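First comes the structure, then the notes that go with it.
The values are calculated or read from the model by the stated rules, or taken from the named source; none is laboratory data. This one's a predicted model, so the numbers in the text were calculated from it and none came from an experiment. Positions of Cβ are backbone-derived with ideal geometry, glycine not excepted, and every protein chain shown enters the neighbour counts. Heavy atoms of the whole protein, side chains included, go into the accessibility calculation; ligands, DNA and RNA do not. Shrake-Rupley method; radii C 1.70, N 1.55, O 1.52, S 1.80 Å.
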Amino acid sequence: MTFPIDRIRQFFPSINRPNAPIYFDNPAGSQVPQMVIDAFSDYFTTMNANQGGTFATSKMTDSMLYEVRQKVADFLGATNPDEIVFGANMTTLAFSLSRAIGKTLKAGDEIVLTRMDHDANVAPWLYIAEEYDLTVRWVDILTDDCTLDMDSLESALTNRTKLVATVHCSNAVGTLNPVEKIAQMAHAAGALCVVDAVQSAPHVPIDVVALGCDVLLCSAYKFFGPHIGILWARYDLLESLPAYKVRPSKNKTPYRWETGTPNFEGINALGKTIDYIQDIGMRYGTEYAHLFPQDGWAKHLKMGMEAIRQYEKLLISRLLDVLEATNGVQIYGITDRNRLDERCPTVVFTHDKFTPRQIAEHLAKHHIYVWDGNYYAVEIMNRLGHSEHGMVRVGLAHYNTLAEIDHFGEVLRQLLDG
């Protein structure tokens, strides 16, 4: 079945407006379907009230919260909707988590971090390491293809390791890490495994049970939804950790983790985001049904994400073709076309003459939006020797086209060959 890109683009009003730009800035925040936009006004019109009341709009909000938790649980492969926690964004949730875990640790305990992670899965742990006198050990990368050095992970693990934090997909070089193996290694050392899935959630099916991690975090605005952070963790862990909360709020998971009044309108929109992905699965992902043992909603969501993944592999291959044919460009990360399952459609590069900012500015003048800099991936930019200017990042999504990539290449060469 051919991925229906023309039909998919019709769902996104920002793409369909006259003279719309080319959105290659997707790792920093994706575009959203009309049904997600409509969900905000629908919430305010029909059920705008706080939770826990005796009246109709409050009860509708309660029901909506439960339904969306279940949808997100299906999206992530979780077995219990009460394992889903909503927050402002992934970074805020990561700090809440680190603060709670920190209270269970003592001086001399060790935590393992990677040189590949976004700082949202680094800084929270560095803060508790300083506060509780913990030892930080680092997992290095292999610079040839920007993959994790698994030997360095093995060397970093000791009988004092209490936590391993890793990224599922790099927000810089696009590498998909072997989280299942990392979780197994962490557990063998007696440690928790915390996964940042912000960049994998828009591109690949996620199953937290299969991955075997203890905690997984992501942000809905990276996978075509509103500005909502999501934390999944094992229920027993969420119940046992010392969550920071106000005294009158429920001391029961997930509520003990959701400080203050949640963003109900955003959560309602998140539900429609999941509906959108499910619809892709039902309509255009049937050929992948045999890959997933789940039933109903959960199966359709996995089928939808697999349809997205397979289409995006075509996009990555074309983007690599364009960049490899451009003089003076150096790509960082996996470029072997036989290894596209090991990466997401986020590609970074530098040029031997122009700075990343100069390239991004040139593209912006031609209405092609990309990022330059370090995108908070501080450690990997330092490791690759690009801490000063960073790199140009081209981040594709399932609503992008081959024609957009070809046009990007033409515009890029106007500057570089001029």
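Trp297 contributes about 90 Å² of solvent-accessible surface, heavy atoms of the protein only, 1.4 Å probe. In order along the range 48-53, the Karplus-derived 3J(HN,Hα) couplings, from 6.51 cos²θ - 1.76 cosθ + 1.60 at θ = phi - 60°, round to 6, 6, 6, 7, x, x Hz, and Gly and Pro are given as x. Please give the Cα centre distance for the range 111-176 versus the range 9-73, rounded to the nearest Å. Comparing the Cα centres of the range 111-176 and the range 9-73, I get a distance of 34 Å. Ordering Tyr66, Tyr288 by accessible surface, largest first, gives Tyr66, Tyr288; the 1.4 Å probe counts only protein heavy atoms, with every chain in place.
Magnitude of the charge dipole for the chain, about its Cα centre and with charges confined to Cβ atoms of Lys, Arg (+1) and Asp, Glu (-1), is about 900 debye. In this structure, the amide hydrogen of Thr135, modeled 1.01 Å from its nitrogen in the peptide plane, lies closer than 5 angstrom to those of Gly108, Asp109, Glu110, Ile111, counting only residues at least 5 positions away or on a different chain. Once the chain from Tyr369 to Ala403 is taken as fully extended at 0.36 nm per residue, the excess over their C-alpha distance is 10.7 nm. Using a probe of 1.4 Å, the accessible surface attributed to Lys272 totals some 70 Å² when neighbouring protein chains are kept in position. The shape of the range 315-402 can be summarised by an equivalent ellipsoid whose semi-axes, obtained from the alpha carbon gyration tensor, come to 19, 17, 13 Å from longest to shortest.
Normalised by 2.2 N^0.38 Å, where N counts its residues, the alpha-carbon radius of gyration of the chain equals 0.98.
Look at the alpha carbon pairs under 8 Å that are at least 6 residues apart: their mean separation over the length of the chain gives a relative contact order of 22 percent. Charge dipole of the range 28-146 (Cα centre as origin; +1 on each Lys and Arg Cβ, -1 on each Asp and Glu Cβ, all else neutral): 420 debye, rounded to the nearest 20.
Cross-link reach is defined here as a Cα-Cα straight distance under 18 Å, omitting same-chain residues fewer than 8 places apart; for Lys313 the aspartates and glutamates meeting it are Asp6, Asp25, Asp145, Glu287, Asp321, Glu324, Asp336, Asp341, Glu342, Glu404, Asp406.
Computed packing ranks the peptides 107-113, 350-356 as 107-113, 350-356, most packed first, by mean other Cβ atoms within 10 Å. When the accessible area of the range 157-316 is split by element with a 1.4 Å probe, what percent falls to carbon and sulfur? Here it works out to 53 percent.
Placing +1 on the Cβ of each Lys and Arg and -1 on the Cβ of each Asp and Glu in the range 219-266, which of Pro248, Leu238, Ser219 has its Cα farthest towards the positive end of the resulting dipole? Working it through, the farthest residue towards the positive pole turns out to be Pro248. The simple spin-label model puts a point 7 Å past each Cα toward its Cβ; for Asn80 and Val246 those points are separated by 2.6 nm. Looking at the chain, the DSSP beta bridges with both ends there are about 55 percent antiparallel.
Over what distance in Å are the Cα centres of the range 215-282 and the range 354-388 separated? What the calculation gives is 31 Å, centre to centre. Simple point charges give the picture: +1 on the Cβ of Lys and Arg, -1 on the Cβ of Asp and Glu, and for the range 309-386 a dipole about the Cα centre of about 100 debye. Computed with a 1.4 Å probe on the full set of protein chains, the accessible area for Glu154 sits at about 120 Å². Remark: the Met35-Asp133 segment gains 30.5 nm on full extension, using 0.36 nm per residue and subtracting the alpha carbon distance. Bridging of Lys103 to lysines at a Cα separation below 18 Å is possible for Lys162, Lys245, once same-chain residues fewer than 8 apart are set aside. Treating each Cα of the range 122-216 as one equal point scatterer and applying the Debye formula with no solvent, the log10 of I(q)/I(0) at q = 0.14, 0.17, 0.19, 0.21 Å⁻¹ comes out as -0.51, -0.76, -0.95, -1.15.
Positive end of the dipole of the chain (Cβ unit charges, origin at the Cα centre): among Ala201, Pro262, Leu340, the Cα lying farthest that way belongs to Pro262. Computed on the range 286-418, with alpha-carbon pairs under 8 angstrom and 6+ residues apart, the relative contact order is 27 percent.
Per residue, the chain reaches -13000 deg cm²/dmol at 222 nm when only DSSP H runs of four or more residues are counted, each adding -39500 (n - 2.57). Against the compact-protein benchmark of 2.2 N^0.38 Å, the Cα-based radius of gyration of the range 257-324 scales to 1.49. Computed over protein heavy atoms with a 1.4 angstrom probe, the accessible surface ordering of Tyr23, Tyr369, largest first, is Tyr369, Tyr23.
For Lys250, the aspartates and glutamates whose Cα falls under 12 Å of its own Cα, not counting residues fewer than eight places away in the same chain, are Glu239, Glu258.
The string of couplings for the range 315-325 from the Karplus curve (6.51, -1.76, 1.60, θ = phi - 60°) is 5, 4, 4, 5, 4, 5, 4, 5, 5, 5, 8 Hz, one whole number per residue in order, with x for Gly and Pro. Accessible surface calculations at 1.4 Å, restricted to protein heavy atoms, place the chain at 41 Å² per residue.
Could you look at the range 321-384 and say what percent of its accessible area is carbon and sulfur, using a 1.4 Å probe and all protein chains? For the range 321-384, the apolar C and S fraction of the accessible surface comes to 44 percent.
Using θ = phi - 60° in the Karplus curve 6.51 cos²θ - 1.76 cosθ + 1.60, the 3J(HN,Hα) couplings for the range 165-175 round to 10, 9, 8, 6, 10, 5, 6, 9, 8, x, 5 Hz; x is entered for Gly and Pro.
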